Amino acid sequence: MERLNVGVLGCASIARRKMLPALTASPLTRVAAVASRSGERAGEFAAEFGTEPVAGYQALLDRPDVDAVYVPLPAGLRAEWIVRALEAGKHVLAEKPLTTDPAPAREVVELSRRRGLLLMESFMFLHHSAHRRVRDLVESGRIGEPRSFSAEFTIPRLPEGDIRHRPELGGGALLDLGAYTVRAAQLFCGPGPEVAGAVLRHDPATGVDTAGAALLTSPRLTAALSFGMEHHYRCRYSLTGSEGTVTLDRAFTPPPDHRPLLRIERQEGAEELLLPADDHFANIVAAFARTALAGRGFTGHGDRILRQADLLDQVRRAAAAAPPAA
């Protein structure tokens with residue numbers, strides 16, 4: 001079986017906990033090397049996953065045995081290294097948000113298209129089978145005509161040293177947690193959702209947004225989104241139609257052994273479905289590898305990256321234009 005040789009550009013926690021195990025286990029990928037600014041740090045990761053350590057990100061990109069890279073660097077650093085990876089002829093799977101602003105998103109998408117390379121944003125939850133089940137229920141008419149969507153993603157306060165408290169690295173609740181809710185809304189809004197209004201609450205000590213909410217509209221339905229990183233944990237979305245509501249818990253970060261709970265409410269009563277467990281990290285690795293190895297199907301990923309970047313920017317601009325709280 002043909003395999004994609006992947007290099008890992010950075011030693012972030014998500015790489016160690018989730019993506020390196022998935023990349024190592026997949027029959028479609030071989031982890032060729034792991035790079036860090038520190039050779040010692042790369043050595044720790046490489047020893048754990050049976051691959052080669054590389055000191056320095058460019059040194060990994062210069063390796064001829066690397067076909068593609070996974071980029072888990074902080075959001076504020078991703079655009080530079082995505083550009084360098086594409087210029088080195090590598091396919092790229094990068095954590096979300098791919099960039100912190102629409103302009104660099106356009107730059108990297110256009111570069112990937114000129115080079116004929118795959119650029120994918122790692123919204124792993126989209127590759128969980130639970131979301132297909134929700135779409136199937138909606139398309140079968142179980143809740144009637146879709147009218148509104150709501151999503152929440154909130155987590156307790158993070159340690160003071162966490163990079164999400166650092167604005168220069170792309171920190172803040174919108175880019176980290178709000179990005180999931182915005183991306184989920186696009187599953188059901190249809191083409192062309194726009195931001196009708198938004199609010200963001202900022203921490204004056206760090207300068208990052210710690211919580212927010214946004215209202216999206218489309219010809220099909222409205223979407224109310226909330227997110228924050230100083231809250232009780234919430235991770236769910238609901239879709240309400242003319243005849244019922246469907247709600248999915250643990251919508252964005254289910255562990256591989258977790259069986260998602262799907263609740264359907266209609267006038268005649270409620271029904272709960274316990275869905276099969278699924279590993280969305282293994283699934284996104286497989287999807288990325290299959291697409292890169294096939295050498296086609298790249299365009300849609302770029303379109304989705306640009307739409308997501310534009311919507312996040314709309315949220316930011318709408319919040320900045322909102323009148324201050326009394």
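The values are calculated or read from the model by the stated rules, or taken from the named source; none is laboratory data. As the structure is a computational prediction, the values presented were derived from the model and not from experiment. Note that we place each Cβ from the backbone using ideal geometry, even for glycine, and neighbour counts take in every protein chain shown. Just so you know, the surface numbers come from the protein's heavy atoms only, side chains and all, with ligands and any DNA or RNA stripped out. Shrake-Rupley method; radii C 1.70, N 1.55, O 1.52, S 1.80 Å.
Scan segment 145-168 and give yes if some residue there is without any contact (Cβ under 8 Å) to a residue 24 or more places away in the chain and part of a helix (DSSP H, G or I), otherwise no. No, there is no match, as no residue in segment 145-168 is without any contact (Cβ under 8 Å) to a residue 24 or more places away in the chain and part of a helix (DSSP H, G or I). Of the residues making up segment 254-274, those that are open to solvent by less than 70 Å² (accessible area, probe 1.4 Å) and either under 30 Å from Glu2 (Cα atoms) or touching a His at 6+ places or on another chain (Cβ under 9 Å) (or both) are Pro254, Pro255, Pro256, Pro260.
From the list Ala309, Ala289, Ala211, Ala224, which one is among the aliphatic types (A, V, I, L, M), farther than 16 Å from Thr181 by Cβ and either in contact (Cβ under 8 Å) with a residue 40 or more places away in the chain or open to solvent by less than 30 Å² (accessible area, probe 1.4 Å) (or both)?
Details: Ala309 fails: farther than 16 Å from Thr181 by Cβ; Ala211 fails: farther than 16 Å from Thr181 by Cβ; Ala224 fails: farther than 16 Å from Thr181 by Cβ.
Of the residues listed, the single one that is among the aliphatic types (A, V, I, L, M), farther than 16 Å from Thr181 by Cβ and either in contact (Cβ under 8 Å) with a residue 40 or more places away in the chain or open to solvent by less than 30 Å² (accessible area, probe 1.4 Å) (or both) is Ala289.
For segment 239-253, residues that are surrounded by 19 or more Cβ atoms within 10 Å (Cβ to Cβ), closer than 13 Å to Ala130 by Cα and in contact (Cβ under 8 Å) with a residue 60 or more places away in the chain total 4.
Note on segment 19-43: among residues that are crowded, with 23+ Cβ neighbours inside 10 Å and in a helix (DSSP H, G or I), the one that is modelled with the lowest pLDDT is Ala42. Residue count for segment 20-34 under the criterion of being under 18 Å from Val69 (Cβ atoms), out of contact with any Lys or Arg (no Cβ under 9 Å at 6 or more places or on another chain) and of a type in the set (Gly, Ala, Ser): the result is 1. Can you tell me how many residues within segment 5-18 are assigned to a strand (DSSP E or B) and surrounded by fewer than 23 Cβ atoms within 10 Å (Cβ to Cβ)? Number of matching residues: 1. Scanning segment 110-122 turns up no residue that is within 23 Å of Gly171 (Cβ to Cβ) and free of Cβ contacts under 8 Å to residues at least 60 places away in the same chain. Annotation for segment 184-206: at least one member residue is open to solvent by less than 20 Å² (accessible area, probe 1.4 Å), under 25 Å from Ser150 (Cα atoms), modelled with pLDDT of 95 or more and within 19 Å of the chain's Cα centre (by Cα).
For segment 66-102, the candidate set comprises residues that are among the acidic types (Asp, Glu) and more than 16 Å from Asp176 (Cα to Cα); within that set, the residue that is least open to solvent (accessible area, probe 1.4 Å) is Asp67.
Taking Thr217 as the residue in question, decide whether it is of a type in the set (Ser, Thr, Tyr) and surrounded by fewer than 16 Cβ atoms within 10 Å (Cβ to Cβ). Yes, satisfied.
Any residue at all in segment 217-230 that is in a strand (DSSP E or B) and within 18 Å of Leu262 (Cα to Cα)? Within segment 217-230, not a single residue is in a strand (DSSP E or B) and within 18 Å of Leu262 (Cα to Cα). Residues that are of a type in the set (Asp, Glu) and buried (at least 17 other Cβ atoms within 10 Å of the Cβ) within segment 109-129 comprise just one, Glu121. Out of all the residues in segment 156-187, which are hydrophobic (A, V, I, L, M, F, W, C) and in contact with a helix residue (DSSP H, G or I) (Cβ under 7 Å, 6 or more places away or on another chain)? Residues satisfying the conditions are Leu158, Ile163, Leu169, Leu174, Leu175, Ala179, Val182, Leu187.
Would you check if Phe125 is over 23 Å from Thr24 (Cβ atoms) and of a type in the set (Phe, Trp, Tyr)?
Numbers: over 23 Å from Thr24 (Cβ atoms): no; of a type in the set (Phe, Trp, Tyr): yes.
So Phe125 does not fit the description; no.
Against the list (1) among the acidic types (Asp, Glu); (2) out of contact with any Asp or Glu (no Cβ under 9 Å at 6 or more places or on another chain); (3) farther than 28 Å from Ile82 by Cβ, the condition Glu107 fails is (3).
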